[in-house]
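Presented below is the structure to which this report refers.
The values are calculated or read from the model by the stated rules, or taken from the named source; none is laboratory data. Please read these numbers as outputs of a predicted model, since none were measured by experiment. Cβ coordinates were reconstructed from backbone atoms using ideal geometry, including for glycine residues, and neighbour counts include every protein chain displayed. Accessible surface areas use protein heavy atoms only, side chains included; no ligands, DNA or RNA. Shrake-Rupley method; radii C 1.70, N 1.55, O 1.52, S 1.80 Å.
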Amino acid sequence: MAGPCTDRGPALVCPPLVTAARSPVITGSGVVSPLGNGLPAFWEGLAAGRSAIAPIRRFQADDLDPATAAEVAGGGAGDPDRAGAFALTAAMEALASAHLRTAELDPARVAVALGTTLGGMEIFETWDRAAAAECAPPAHLERVPYFAPAARVAAAVRARGPVVTTQLACASGTQAVALAAEWVRSGRADVVLAGGSDLLCRFVVAGFNSLRATADVARPFDRDRRGLVLGEGAAVLVVEEEAHAARRGARVAARVLGTGAAGDAVHMTAPDREGGGVVRAVGAALADAAVPPSAVEFVSAHGTGTPFNDAMEARALLRLFGAYAVPVNSIKGAIGHTLGAAGAFEAVLCAEVIARGLVPPTAGLRQIDPECAGLDLVHGEARRCDVRVALSTSSGFAGANAAVVLGRA
Amino acid sequence: MSEVAITGTAAVLEEALEERLDALPDAVRSRALRAERVTQLALTASGGALAEAGLLAVEGEPRPDFGITLGTAFGCFLTNAAYQRRVATDGTRVASPRLFAATVSNAAAGEVGIGYRLGGPAVTLTAGAAAGLLAIGHAADAITSARARVILAGGVDATGPALARWLADGGLAVGETPVCGAAAIAVLQSTRAADGPGGGTPGKVRGYVLGYGAGFTPPGEDDGGGVLAAVSQALDHARVRPVQLARVVLEGAPSAADPSQRALRAVLGGAVPAAARPSHDHVERFAAGGPIALLAALRDATPEAPFLVLHACPSGHVAALIAMRTRPA
């Protein structure tokens, strides 16, 4: 739609903001994860098929059932604003791995896009108790809102470009990466810290338990899967404009080829059984990337381990890929469901799979459910794969779906 | 960016919500009555905007080329508070699954999608109170890049005692300004589509920019850098010179007004009339405030004369959007 306006009224020429094609590339990653902090520990744990799921230790859980989760140690875990601290720690690692010093950049060209579903929820819990007891409020109330973790990162890196929190429930992290790619393409930013961050607290564990959506162990796509196990942490990527990265000689880990999002428009908590929203979101991402389904060589599935999600997702992937056998995994058996951070972790995973040629196994998966049997699920041990194009899909409450397609640099 | 047409608009204030709920189509009203207030506001404003655009539908398959982008400052804050209070009072074993399912800020977008059969991109964004204008700008980008044919976009926030208490305890500086919930939604389409049969075009989005300044700074310490960058880039984005701006509408908390005025003077000089706060300037409507200011300006503006709506939030988020009213056919 670029070019001179042809609408009614006085002629006001409105050419596109950027005339040259701009490509988003990933030049750095950072993670705070239950498998360990820093990208190397995260990757080694995934590749080895380890699971960080264990009984909850950090807060009172004797009245929670189930009471298992994948908790983070370190990485800012002692900060009352855990989501903000996780995001900041991951962002700093991402910048370091990209060899970027934001102080040397034009602040108006630096942006932040983060997903979260809980933000400063633990401060909120403390504030609620204090308010009910008519006690003095806790410190840092400004870190309660969902926009606070992104604002905290923005302040730390002096970003004065767009600073946005994506709110697509468990697809928030994926949409943050998508938003970053859109900003780079449209010329709104040259460098975007994009990802997601979430925390474990009583609020969320009790809530998922009330929905009977949880289990002691996460077994994505397994015949005996009973539900999801919650996790926490943050994953942040540096999404950078390709020419900007080239000018400074940065190493490019992967390209963001395409993104897509779609609503189910069916139910607030249950997924569309036919996977309609996932099919539309992935279809949009593939169209945006201008690649056919047959070009996709790895899928990082949402794979929560709930009976409905995994069956729906299997149906959607089979609708999309048909008989073409594409390797699929889920990392939620390893780090739990990290909610607003999940899609960001999976984007980091996709970039690493492309770079390393190795697909980690699906921890927790022992016997594939016949409903998911058409998928080429990687389980047991890591599989060597030459992956040039990878897809990550995420779905969440309120029928939110988002997908990103990454490609080899 | 290319221009994007606004083909329908509607705003709903909390004080008029009950009456507007009664006017909803039956299928939507039954869902709305079970929903949280922030969702009710979004449903009523979205229905009004779709009806004005001639695009209302409440049954059939989801329309894959219809999307929604909502901006909210606090989203499900009140639902979180209600859910948390019950858990704290009665214990985790009686946690409400109904309330918990609504403790996501995209619940409103999800219900609007179900109610009005939207199967395209469903995105909710948070950027302090600047999120409403941001959502309209983001949707304009999505229309320009052909991600959807029609997008409902705007801002929504609900208010209540829990939010008032949190604000008073130090959550976000709004001073003595009274607060009130609202939703304001615009239907965006490409100008080409809007010129077809039945397409009314109250206005157009010319360009937008979201910037970030210094968040939560004490009075006098905000240098206005975020506003300065956002306004200058928005002008560039819309290819509008300061002298072409017919009007500047300044939305936002009073604490952000002084640095905004200073930054505006630095960017615009004496080229435009002094920035005016909208007529509802005595009420803080959070993410609905920017879109309400936009809708009011569209109604009052001189046709084809671009104007700027600026929303600076104490959180540091700044949205600058340039639009214009379309000449009546």
- Item | Filtered residues of region B:288-310 (kept if open to solvent by 20 Å² or more (accessible area, probe 1.4 Å) and charged (D, E, K, R)) | B:299, B:300
- Message: So for region B:47-58 (the condition being at pLDDT 95 or above, assigned to a helix (DSSP H, G or I) and in contact with a helix residue (DSSP H, G or I) (Cβ under 7 Å, 6 or more places away or on another chain)), does at least one residue qualify?
- Response: yes
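Of the residues B:32, B:27, B:45, only one is more than 16 Å from the chain's Cα centre (by Cα) and crowded, with 20+ Cβ neighbours inside 10 Å; which?
Answer to the check: B:32.
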- Item | Filter result for residue A:387 (over 24 Å from residue B:119 (Cβ atoms), touching a helix residue (DSSP H, G or I) at 6+ places or on another chain (Cβ under 7 Å), open to solvent by less than 10 Å² (accessible area, probe 1.4 Å) and away from chain B (no Cβ under 14 Å)) | yes
- Tally, over region B:56-79, of residues that are under 16 Å from residue B:14 (Cβ atoms) and more than 18 Å from the chain's Cα centre (by Cα): 2
- Which condition does residue A:310 not pass, out of (1) within 30 Å of residue A:89 (Cα to Cα); (2) crowded, with 24+ Cβ neighbours inside 10 Å, if it passes all the others? (1)
- Which of (1) surrounded by 24 or more Cβ atoms within 10 Å (Cβ to Cβ); (2) without any contact (Cβ under 8 Å) to a residue 24 or more places away in the chain; (3) not aliphatic (A, V, I, L, M) does residue A:249 not meet, given it meets every other one? (1)
- Query: For residue A:290, which of the numbered conditions (1) of a type in the set (Gly, Ala, Ser); (2) more than 20 Å from the chain's Cα centre (by Cα); (3) within 17 Å of residue A:370 (Cα to Cα) fails to hold?
  - Reply: (3)
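Do any helices (runs of 4 or more DSSP H) entirely within region A:60-163 hold 1 or more residues that are under 21 Å from residue B:311 (Cα atoms), and if so, which? Walk me through how you get there before you give the answer.
On the way: elements: A:82-97, A:121-132, A:148-157.
It comes to A:148-157.
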- Task: For residue A:355, work out the one condition from (1) part of a strand (DSSP E or B); (2) more than 14 Å from chain B (Cβ to nearest Cβ) it doesn't fulfil.
- Result: (1)
- Task: Filter region B:270-311 down to residues that are under 27 Å from residue A:159 (Cβ atoms) and assigned to a loop (DSSP other than H, G, I, E, B) and give me whichever is modelled with the lowest pLDDT.
- Result: B:275
- With B:102, B:131, B:146, B:168 as the choices, which residue is in contact (Cβ under 8 Å) with a residue 60 or more places away in the chain and farther than 22 Å from residue A:111 by Cα? B:102
- Note on the structure: Within region B:293-311, residues in contact with a Ser or Thr (Cβ under 7 Å, 6 or more places away or on another chain) and at the interface with another protein chain (Cβ under 10 Å from one of its Cβ atoms) come out as B:303
- Message: Being within 10 Å of chain B (Cβ to nearest Cβ) and acidic (Asp, Glu) is the filter here; which residues of region A:88-112 pass it?
- Response: A:106
- Working only within region A:44-55, note down all residues that are open to solvent by 20 Å² or more (accessible area, probe 1.4 Å) and not charged (D, E, K, R). A:47, A:48, A:49, A:51, A:52, A:53, A:54, A:55
- Which one of these does residue A:169 not meet: (1) closer than 30 Å to residue A:60 by Cβ; (2) open to solvent by 10 Å² or more (accessible area, probe 1.4 Å)? (2)
- Task: Working only within region A:152-183, note down all residues that are more than 7 Å from every other protein chain (Cβ to nearest Cβ) and among the charged types (D, E, K, R).
- Result: A:152, A:158
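Tally time: how many residues in region A:42-56 are part of a helix (DSSP H, G or I) and touching a strand residue (DSSP E or B) at 6+ places or on another chain (Cβ under 7 Å)?
3
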- Selection count where residues are at pLDDT 95 or above, open to solvent by less than 10 Å² (accessible area, probe 1.4 Å) and at the interface with chain B (Cβ under 9 Å from one of its Cβ atoms), scope region A:184-205: 3
- If you scan region A:121-151, which residues turn out to be without any contact (Cβ under 8 Å) to a residue 40 or more places away in the chain and more than 8 Å from every other protein chain (Cβ to nearest Cβ)? A:130, A:133, A:134, A:135, A:136
- Message: So the check is Cβ under 9 Å with 6+ separation or different chains; which pairs have a first residue in region A:350-364 that's within 21 Å of residue A:173 (Cβ to Cβ) and hydroxyl-bearing (Ser, Thr, Tyr) and a second one that's part of a loop (DSSP other than H, G, I, E, B) and open to solvent by 10 Å² or more (accessible area, probe 1.4 Å)?
- Response: A:362/A:49; A:362/A:219; A:362/A:379; A:362/A:380
- Message: So, residue B:53, is that one under 21 Å from the mean Cα position of the chain (by Cα) and surrounded by 18 or more Cβ atoms within 10 Å (Cβ to Cβ) or not?
- Response: yes
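Determine which member of the set A:300, A:395 is closer than 24 Å to residue B:113 by Cα and buried (at least 22 other Cβ atoms within 10 Å of the Cβ).
Details: A:300 fails: closer than 24 Å to residue B:113 by Cα.
A:395 is the lone residue from the list that is closer than 24 Å to residue B:113 by Cα and buried (at least 22 other Cβ atoms within 10 Å of the Cβ).
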- Set B:328, B:314: member being at pLDDT below 90, within 11 Å of another protein chain (Cβ to nearest Cβ) and in contact with a helix residue (DSSP H, G or I) (Cβ under 9 Å, 6 or more places away or on another chain): B:314
- Those residues that are of a type in the set (Asp, Glu) and modelled with pLDDT of 80 or more, I need them from region B:190-239; list them, please. B:236
- Task: Considering every residue within region B:18-33, establish whether at least one is among the polar types (S, T, N, Q) and in contact (Cβ under 8 Å) with a residue 12 or more places away in the chain.
- Result: no
- Message: So, in region A:206-222, how many residues would count as being under 29 Å from residue A:259 (Cα atoms), assigned to a loop (DSSP other than H, G, I, E, B) and open to solvent by 10 Å² or more (accessible area, probe 1.4 Å)?
- Response: 2
- Message: If I ask for residues that are in contact with a helix residue (DSSP H, G or I) (Cβ under 9 Å, 6 or more places away or on another chain) and surrounded by fewer than 24 Cβ atoms within 10 Å (Cβ to Cβ), which ones from region A:63-84 would you list?
- Response: A:63, A:64, A:65, A:66, A:67, A:74, A:76, A:77, A:78, A:79, A:80
